[in-house]
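The values are calculated or read from the model by the stated rules, or taken from the named source; none is laboratory data. None of the values given here were measured: they were computed from a predicted structure. FYI the Cβ positions are ideal-geometry reconstructions off the backbone, even for glycines, and counts take in every protein chain you see. All accessible areas refer to the heavy atoms of the entire protein, side chains included, with ligands and DNA or RNA removed. Shrake-Rupley method; radii C 1.70, N 1.55, O 1.52, S 1.80 Å.
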Amino acid sequence: MTTSLKRERYTPYITFSRKEWAETSSGALLQLQDYYDLEQLHGMNEPLTQEEITQIYLPLAHLLNLYVKSSQQLHKATTNFLGSQALKVPYIIGIAGSVAVGKSTTARVLQRLLQAWPDHPRVDLVTTDGFLYPNKTLDANSLMNRKGFPESYDIKRLIHFLADVKSGKERVAAPLYSHLEYDVLPGQLQWIEQPDIVIVEGVNVLQVKPQQQQQKDPAVFVSDFFDFSIYVDAAEKDIRKWYISRFESLRATAFQNPESFFHRYAHLSDAATVELATQIWEDINKPNLEQNIAPTRYRASLILEKGHHHFVQSVKLRKT
């Protein structure tokens, strides 16, 4: 690993090749088959193999375990120093990246692996989709075609949620989102009850407010509440291809459901499906990636860099 360390000497990150990263956790002993089912963890059109989990996600879970354990020890030492019993505060991990890059799969795999360590068996996963404004609000403000952009989220509600979690509050509610209905589910909530770790996944989690908002509002950002953050990265041309492929698969599956928001696309031809998906990517997802998501890449503690095959080919870890 000397070569990588030398090459990255004057950057904020240490870069590991896939092979180097896999070697960092050769001593991690987990009976992996007891903790996950590959079919339940990977997303649509996102390949996930035993090798990917062993070489990429197990070392990452091992590293996160060290950080969480260190945080727990610091909490205990601080409590002893103050002579009082401080409230239990979850360790929060943020996961960001483009639509279709595979961040949801990363979040699910890490949740399952982190639960395997006895130091922190309770790991909750929250997606920021639930913090999108309801469709009726987006419609009223001409934002339906900006869904996923920073202005389409109720950031104030998300920040209040994270502040409550980080303050040790016993029960905190997160709104739920339906990809079938393409909308927030009114009155349906996910309850977070003082877990050991909370994973927060979404395209917007490393973004900051526009400068003009900073002048009138307190400069508090979602990422301020993270103890560790991960950015799932890939070349734009590859993410575009994955998005179109996923859209084609959804046309043949989820869109066939009459209850689906996108049911009107269920009977498109193959060519029309590719044309529509390409248009959506070029008009909405690509601008959001370039303007709002990709610029946050280097705010992350760790970057997973994927190749065209959808597997991680290198890892950047911020120096501490």
Do we find a residue being crowded, with 19+ Cβ neighbours inside 10 Å, closer than 30 Å to ASP283 by Cα and aliphatic (A, V, I, L, M) anywhere in the range 60-82? no
ARG157: passes all of (1) within 22 Å of ASN292 (Cα to Cα); (2) open to solvent by less than 40 Å² (accessible area, probe 1.4 Å) but (2)
Where in the range 50-140 are there helices (runs of 4 or more DSSP H), lying fully within it, with 2 or more residues that are small (Gly, Ala, Ser)? 58-82, 103-114
ALA163 fails exactly one of the following numbered conditions: (1) at pLDDT 95 or above; (2) open to solvent by 60 Å² or more (accessible area, probe 1.4 Å); (3) within 30 Å of HIS75 (Cβ to Cβ). What is the number of that condition? (2)
Taking the range 285-311 as the search range and keeping residues that are small (Gly, Ala, Ser) and assigned to a loop (DSSP other than H, G, I, E, B), which one is surrounded by the most Cβ atoms within 10 Å (Cβ to Cβ)? ALA300
Return the pair list, or none, for Cβ contacts closer than 9 Å from residues in the range 205-225 that are over 28 Å from LEU302 (Cβ atoms) to residues that are modelled with pLDDT of 85 or more, at least 6 apart or on different chains. ASP217/LYS156
When you scan the range 111-132, how many residues do you find that are touching a strand residue (DSSP E or B) at 6+ places or on another chain (Cβ under 7 Å) and farther than 19 Å from GLN72 by Cα? 8
Enumeration of residues in the range 246-284 that are surrounded by fewer than 17 Cβ atoms within 10 Å (Cβ to Cβ) and among the small types (Gly, Ala, Ser): SER249, ALA252, SER269, ALA271, ALA272
Test of understanding: among PHE255, PHE226, PHE221, PHE311, which residue is over 30 Å from HIS62 (Cβ atoms) and out of contact with any Cys (no Cβ under 7 Å at 6 or more places or on another chain)? PHE255
Could you tell me how many of the residues in the range 125-150 are open to solvent by 30 Å² or more (accessible area, probe 1.4 Å), more than 24 Å from THR296 (Cα to Cα) and either touching a residue at least 40 places away in the same chain (Cβ under 8 Å) or not β-branched (Val, Ile, Thr) (or both)? 6
